[in-house]
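The values are calculated or read from the model by the stated rules, or taken from the named source; none is laboratory data. A quick note: this is a predicted structure, and the numbers were derived from the prediction, not measured. Reconstructed Cβ throughout: ideal geometry from the backbone, glycine too, with neighbour counts over all protein chains shown. Ligands, DNA and RNA are excluded from the accessible area calculation, which covers all protein heavy atoms including side chains. Shrake-Rupley method; radii C 1.70, N 1.55, O 1.52, S 1.80 Å.
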Amino acid sequence: MQQAGQVTPTKNETILVTGSAGFIGGYLLRELEDRYERVMCMYRNRLPHTYEEYVPFYSDLLVSDVLAAPLRNVQTVVHLAWSNNFVGSGNDILHKEMHKVFTPNLRALNNLIAAMERARTPRLIFLSVKGAHCDAMTAFAREKYIAEHYILNSRIPQKIIIRCPVVWEGIQTQDKFVRSVLHLMRVPGFSFLPKTYRSVSLAHVDKLAAYLVELCSAAIPSAVVLTNAPVQEQHELKTLYRSIAHDLLDGKHKLIVGGAVGDAMLPFLERNNSPKVSQYLSSI
């Protein structure tokens, strides 16, 4: 696996960020604020956090004709826009028919690739997922694998794909991962743990954002770089559960129930539309 080299970012370069209003996008914009003068913040559903130097603009990746103007004079695109992160897709994604798969996420990506090829945009940075594979357990990971396939076969000169585990802000927050764990702690005195997983790999969002900034102007050794997100934190699942319960549930201690009982309770506790721990874990 190749790693990208690191050079000092050039402030004269223009960076375009899709999904700039999202969880990772907000952290990335804060990192870019001190490093670049020209950053274009693409959004669709809601406005990103505004900075004095950046002007957000509305665009829809599902409409290819509107992408030509935003890509003018852009050197690097960081593609973060993706729906249903770690919750999975409703589509049945089969790797044997990759050329026939067009979920909304993949249609948006193909439109972006085509627009970048027409504009001759030099570099695309794509955030994939650790565990992306044609036979992955979740549709989300299979969808990311197909996205990688489309990018690798594009005519974009420099392609950087980062395979990232679950991204979080830490135990003291209420991000999607922490909320999904808290949903399993609704039963008084008990917390149900899936038996299949003993540890979990997490990447802190601010470290990932800093890494993305480095890659925007990094000297890469070849046309394609496939790399893992840096500084991944390995947590034993039982210890992580206990820490979340202690810090966010008024110091209450819960009995961790695993094995067959834990697996049997997971579907019952994950019936609502909250992010599902089982899908988080099966993607990493």
Show me, for the stretch 185-191, the HN-Hα J-couplings you get by feeding each phi into the Karplus relation (A = 6.51, B = -1.76, C = 1.60, θ = phi - 60°), rounded to Hz, glycine and proline as x. 10, 6, 7, x, x, 10, 9
Once amide hydrogens are built 1.01 Å from N within the peptide plane, the residues lying 5 or more places from Ala81 or on another chain with amide H under 5 Å from its amide H are Thr18, Gly19
What does the accessible area of Val224 come to, in Å² to the nearest 10, when a probe of 1.4 Å is used? 50 Å²
Separation in nanometres of the label points that stand 7 Å from Cα toward Cβ, at Arg155 and His235: 4.6 nm
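Set the Förster radius R0 to 35 Å, insert the Cβ-Cβ distance between Asn228 and Phe268 as r into 1/(1 + (r/R0)^6), and round the FRET efficiency to 0.05.
Numbers: r = 34 Å, r/R0 = 0.98.
Result of the calculation: an efficiency of 0.50.
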Can you give me the distance in nm between label points at His253 and Cys134, each placed 7 Å from the Cα along the Cα-to-Cβ direction? 5.1 nm
Calculated FRET value between Ala219 and Leu62, using beta carbons and R₀ = 30 Å, to 0.05: 0.35
Can you give me the accessible area per residue for the stretch 134-284, using a 1.4 Å probe, in Å²? 44 Å²
If each of Asn73 and Ser243 carries a label point 7 Å out from its Cα toward its Cβ, how far apart are those two points in nm? 4.6 nm
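Go through Lys130/Lys159; Lys144/Lys252; Lys159/Lys238 and tell me which ones have a Cα-Cα distance over 27 Å in this structure.
Details: Lys130/Lys159 17 Å; Lys144/Lys252 38 Å; Lys159/Lys238 38 Å.
From the list (Lys130/Lys159; Lys144/Lys252; Lys159/Lys238), the Cα-Cα distance tops 27 Å for Lys144/Lys252; Lys159/Lys238.
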Please work out, to two decimal places, the log10 of the ratio I(q)/I(0) at q = 0.16, 0.18, 0.21 Å⁻¹ from a Debye calculation in which every Cα of the stretch 136-219 carries one identical scatterer. -0.88, -1.02, -1.19
